[in-house]
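Asker: Below you will find the structure I want to go over with you.
All of the numbers you see were taken from the coordinates with simple rules; none came from a lab. Source: prediction; values computed, not measured. We place every Cβ from the backbone using ideal geometry, glycine too, and count neighbours over all the protein chains shown.
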Amino acid sequence: MTTAGEKRGNGIIGVLPIALAAALFVFFFSQISAVSRFGPQMVSVPWVPALDVQLAFTLDGLSLVFALLISGIGTLVMLYSNSYLAGHPQYARFALYLTLFMLAMLGLVVSDNLLALFVFWELTTLTSYLLIGFGHESASSRRSALQAMLVTGAGALALLAGLILLGSVAGTYSISGIIAQGDVVREHALYVPILVLILAGAFTKSAQVPFHFWLPNAMAAPTPVSAFLHSATMVKAGVYLMARLHPALSGTEVWLWTLTILGAVTAVFASVLALRQTDLKLALAYTTLMALGTLTLFLGSDTEYAITAFCTFLIVHSLYKAALFLVVGCVDHGTGTRDAALLGGLARAMPVTAIAAGVAALSMAGFPPFLGFIGKELKYAGALAVASEPVLVAGAVLVANALMLAVAGVVSFKPFWRPAGGALPDTPHEAPWPMLAGPVILAALGAVFGIQPDLIQATLINPGVDSILRARGEAKELHLWAGVNLPLILSVATFILGLTLYALHGRLRAVLTRWDEAAPHFDTGWDRLLDGLKAVASWQTRLLQSGVLRRYLLTIFGALFVTLAWTLYARSPGIPALSFPDLELKHWAIIALIIAGTIEVALTGSRVAAIAALGVVGIGVALIFVIYGAPDVAITQLLVETLVVVLIAVVMLRLPHLDENRRRDWRPRDAVLGAGVGVVVTMIVLQVLAQPLDTRLTDYFEVTAWPEAFGRNIVNVILVDFRALDTFGEIAVVLIAALAAYALLRTTKEEVEK
Amino acid sequence: MNSLILQVATRYLSALLLIFSVYMLLRGHNEPGGGFIGGLIGATGFVIYAIACGTAEARAALRVMPQNIAATGLGIALLAGLFAGVMGDAFFTGQWLFIGASGEDKGLPLSSVLVFDIGVYLVVFGSVLTLVFAMEEEV
């Protein structure tokens, strides 16, 4: 990034995405009253009517919360990126990816059809791949992008299978239709496979242990991308899916235990690792994992407290996490480093950033009067309401929250208010206003909603909880002060534990680093997995792709022989009676011609003779077409035969002479295989002819060709009219084959010249 | 191939084959023929020319890269198919225009089907020549 470039800016390309995101946000904002008063808003457009796929969109409470977060944070992130990447030579590309991602994500959360949802799901995977790999010059970016795509893509395959099973069990792909009949799904024999497959998709997308490792690596993306995709939106797609299908799938032991245990493990595991990081962005990435774990944990339950906690924490987390990521971007931009050990004393040079960071971090740490505090109280209430293991769950939440508090201090307090740990690469300076707008607005919202929880209670929380629990008025009230109760006591315990951890974090980090380095890593395991895959691929390629044409032909015809012979044997229809109708002399002549040609091909020692003899066989076949009234086919056959002979004659100039000795060794085997295939194919043709020919289609074409398609040549009418789409596919194949052959010939030629 | 007889004869033969290929293309809807056969015959004309006078001269006579001809043909076929969509029918439904039709006499029939067949002709023609020229140059 050059200074001149920074001054130049991005022009209209930078402004358009901001305007689009803002317009979408205004639209969704205007829907709040309709949704909270009248329930879900639906729109439906037929898409693939033959498969009963519709572009059906539903905006209910849950979708609306997500849509507002996506478009709102999207607007701020676009604004931010326009300054952060000002004058970047590939900004247009970046803006396009980010906009596409936002649209895909919005499509995902408002989709009312499982298959449409899946398409949007994969679109977010693709755009995320492009965004993580945006700095494609660096090998680690490319690796991270590929890793993210492979992990989430593999999960998505499982998800697709799960969604198809779910659709077939419920008898509809409409999401609103499926969640209306949860009992049918839960009692079905396929419930567990459906659950496992869908959760595999959701867990990979939302980076639950053991699929978590791609998320910290995804921080290779530019910071605004991390803020948008890998904290506030995309990683929540998995959580969204679980919440969306909650009415259809929840309420069983499997659901409860899988989500509770994996969610709790992820939350604790991630918050411990978060404290170990010195890179601010990585520390935030791990706290994102913690948040995703907590959200999953709450979805395991179906009590009102847990679901209210889910909705509240979803909003709390998106607000403070996006704000903090953007703050880290500002710090990086202003100082040239993100190393927590180096950074310090930035409050004087970057006052606005410091305040925004502080407010967001207080919400993250769960101090009153911020929304984070309410979120935390509800988390404890929700955890205690998890009927099966309240102590275990509440304990996990307590540990995770305390660690979060410590991380919040490391990320947002220390760099600004404590003395610096070393020399900074750049002299600290405040970021420009478009980069401050995001953190300030998001942090402020965290405070405003905390003081005035009524602002989101009726508008967002209640409709959101209602759409997950499929009932009205189930949501719990959000209070700053709910009296002295168990959650409050746990909150106080969190503060004490968290502050202690923060005070000790330097020493803790040293210990954790030692443990972490000793423990086996998922990331290295991933590398080994990929290496293994590549090894298997090259092994089987060496095995199957010998590069010897003769062996390929042998394999193809061997396989043909075995499958056909086995089918014939298994179906065992008996040998049909051979009958020779009265053949005329011309028929016998053609048969003799073909047989003579075949024998010459098999016996000759000269390539030219073999090709010419093969041409004779082809001409014999063409004559048969002529006799039986298929002149078009005959002409084509003749022309193709001619061209093939010409082509082979051209190629033959380059081939060495036939090696008589080697060829003779092969011949008996080739003869046996050739005779075998010939016999089997003949048997099958006879079997086919033994059946009465179904002439319905032929009759139809004969009757309709002239009156409806105005053509007397039925073959041509079929090609260009009745079956025009097939023909189009065929000519596309012809073109692709020609281009591929051309490319291959050209490549080898250049290699030879080198 | 340095055969003067072949070279002289080819100049007439190629021209005849090209004219014949267009004839086969146009009669295809009612008599044996059509875009596929026409394309093969047309390509044969240039293949012979390339054998007699060399690939470089054949390319020069063709003026356009054969792969471009094939790609254009695919585009024409696609447009002919999409045209039906514009007219409100399912894609690839034939659209007909009879100029000067009266009673039983259908006049001069023009159709999207013919345009589609011209696309097929160009794809086959271009693809075969792409392959043949590349192979001959390889040798």
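Asker: Treat every Asp and Glu Cβ in the stretch B:13-108 as -1 and every Lys and Arg Cβ as +1, leave all other atoms uncharged, and give the resulting dipole magnitude about the Cα centre to the nearest 20 debye.
Answerer: The dipole magnitude comes to about 300 debye.
Asker: Taking each residue in A:700-709, count the Cβ atoms of any other chain within 10 Å of its Cβ, then average. What number comes out?
Answerer: Whole-number average of other-chain Cβ neighbours for A:700-709 is 1.
Asker: Please work out the Cα convex hull volume for the stretch A:341-445 and give it in Å³ per residue.
Answerer: About 106 Å³ per residue, rounded to a whole number.
Asker: Find the percent of Cα-Cα distances in the stretch A:59-214 that exceed 20 Å, and round it to a whole number.
Answerer: 57
Asker: Can you check what the Kirkwood hydrodynamic radius comes to for the stretch A:136-507, Cα pairs only, in Å to one decimal?
Answerer: 20.8
Asker: Next up: Roughly speaking, what is the centre-to-centre gap between the stretch A:617-642 and the stretch A:334-413 when only Cα atoms are used, to the nearest Å?
Answerer: That distance is 80 Å.
Asker: Same structure, new question: Of A:K236/A:K414; A:K281/A:K476; A:K205/A:K281; A:K205/A:K414, which pairs sit farther than 23 Å apart, going by alpha carbon to alpha carbon?
Answerer: Violating the 23 Å limit, Cα to Cα: A:K236/A:K414; A:K281/A:K476; A:K205/A:K414.
Asker: Can you compute the helix-only [θ] at 222 nm over chain A? Use -39500 (n - 2.57) per DSSP H run of at least 4 residues, normalise by all residues, nearest 500 deg cm²/dmol.
Answerer: -24500 deg cm²/dmol
Asker: Using only alpha carbons, build the gyration tensor for the stretch A:672-726 and give me the equivalent ellipsoid semi-axes, biggest first, whole Å.
Answerer: They are 34, 15, 7 Å, listed largest first.
Asker: Using a Förster distance of 56 angstrom, determine the FRET efficiency expected from the C-beta separation of A:R472 and A:V562, and round it to 0.05.
Answerer: Using R0 = 56 Å, I get an efficiency of 0.30.
Asker: Mind listing the Cα extents of the stretch A:289-380 along all three principal axes, in Å, largest one first?
Answerer: If we take the Cα atoms of the stretch A:289-380, the spans are 47, 25, 18 Å.
Asker: Express in nm, to one decimal, how much length is gained between A:W433 and A:L55 on full extension, taking 0.36 nm for each residue of separation and deducting their alpha carbon distance.
Answerer: Gain on extension, A:W433 to A:L55, equals 132.1 nm.
Asker: Now, a different point. Taking chain A as the reference, fit the longest principal axis to its C-alpha atoms, fit the long axis of helix A:486-503 to the helix C-alpha atoms, and give the angle between the two in degrees, 0 to 90, nearest 10.
Answerer: Helix A:486-503 sits roughly 90 degrees off the main axis of chain A.
Asker: Let a ≥ b ≥ c be the square roots of the eigenvalues of the Cα gyration tensor of the stretch A:23-111; is it rounded (a/c under 1.5), or, if not, prolate (a/b larger than b/c) or oblate?
Answerer: Oblate is the answer for the stretch A:23-111, as a/c is 1.5 or above yet b/c matches or exceeds a/b.
Asker: List the extent of the Cα atoms of the stretch B:4-138 along each of their three principal axes, largest first, rounded to whole Å.
Answerer: Reported extents, whole Å, longest axis first: 56, 28, 21.
Asker: I'd like to compare A:275-288, A:626-639: which one has the highest average count of other Cβ atoms within 10 Å, and what's the full order after that?
Answerer: Sorting A:275-288, A:626-639 by mean packing, highest first, produces A:275-288, A:626-639.
Asker: Of B:A60, B:V124, B:S21, which is farthest towards the positive pole of the stretch B:4-138's charge dipole, taken about the Cα centre with +1 and -1 on the beta-carbons of Lys, Arg and Asp, Glu respectively?
Answerer: Of the candidates, B:A60 comes out farthest on the positive side.
Asker: Residue farthest toward the positive end of the dipole of the stretch A:136-507, with Cβ of Lys/Arg at +1 and Asp/Glu at -1: which of A:H246, A:Y305, A:A360?
Answerer: Positive-most Cα among the choices belongs to A:A360.
Asker: What whole number of Å gives the distance from the Cα centroid of the stretch A:583-606 to the Cα centroid of the stretch B:1-80?
Answerer: Between the Cα centres of the stretch B:1-80 and the stretch A:583-606 lies a distance of 32 Å.
Asker: Could you tally the net charge around A:S412, taking each other residue with its Cβ under 12 Å from the Cβ of A:S412, Lys/Arg +1 and Asp/Glu -1?
Answerer: Surrounding charge for A:S412 is +3.
Asker: Using only Cα atoms and rounding to the nearest 10 degrees, what angle (0 to 90) does helix A:724-753 make with the longest principal axis of chain A?
Answerer: Value to nearest ten degrees: 90.
Asker: A further question follows. To the nearest µm²/s, what D does Stokes-Einstein give for the stretch A:137-250 at 10 °C and 1.306 mPa s, using the Kirkwood radius over alpha carbon pairs as Rh?
Answerer: 107
Asker: For the protein assembly as shown, give the magnitude of the charge dipole about the Cα centre (Cβ charges: +1 Lys/Arg, -1 Asp/Glu; no others), in debye to the nearest 20.
Answerer: 2180
Asker: To the nearest 20 debye, what is the magnitude of the charge dipole of the stretch A:136-507 about its Cα centre, counting +1 on the Cβ of each Lys and Arg and -1 on the Cβ of each Asp and Glu?
Answerer: 600
Asker: Over chain A, how many percent of alpha carbon pairs lie in each 20 Å bin up to the one with the longest distance?
Answerer: 14, 37, 24, 19, 6, 0
Asker: Quick check on chain B: helices-only [θ] at 222 nm, where DSSP H runs of length 4 and up contribute -39,500 (n - 2.57) each and the sum goes over total residues. Nearest 500, please.
Answerer: The helix contribution divided over chain B gives -24500 deg cm²/dmol.
Asker: With r defined as the distance between the Cβ atoms of A:R551 and A:D516 and R0 fixed at 56 Å, what FRET efficiency is calculated, to the nearest 0.05?
Answerer: That pair, A:R551 with A:D516, gives E of 0.65.
Asker: Taking only Cα atoms, what is the 0 to 90° angle, nearest 10, from helix A:191-205's long axis to the longest principal axis of chain A?
Answerer: For A:191-205 against chain A, the angle is about 70 degrees.
Asker: Report the local net charge at A:Y700: Lys and Arg +1, Asp and Glu -1, summed over other residues whose C-beta lies under 15 Å from its C-beta.
Answerer: Result for the local shell: -3.
Asker: Based on other C-beta atoms within 10 Å, arrange A:L197, A:L64 from fewest to most.
Answerer: A:L197, A:L64
Asker: Follow-up question, since we're still on this one. With the Cα gyration tensor of the stretch A:196-242 giving a ≥ b ≥ c as the square roots of its eigenvalues, does the rule (a/c under 1.5 for rounded; else a/b larger than b/c for prolate; else oblate) give rounded, prolate or oblate?
Answerer: Oblate.
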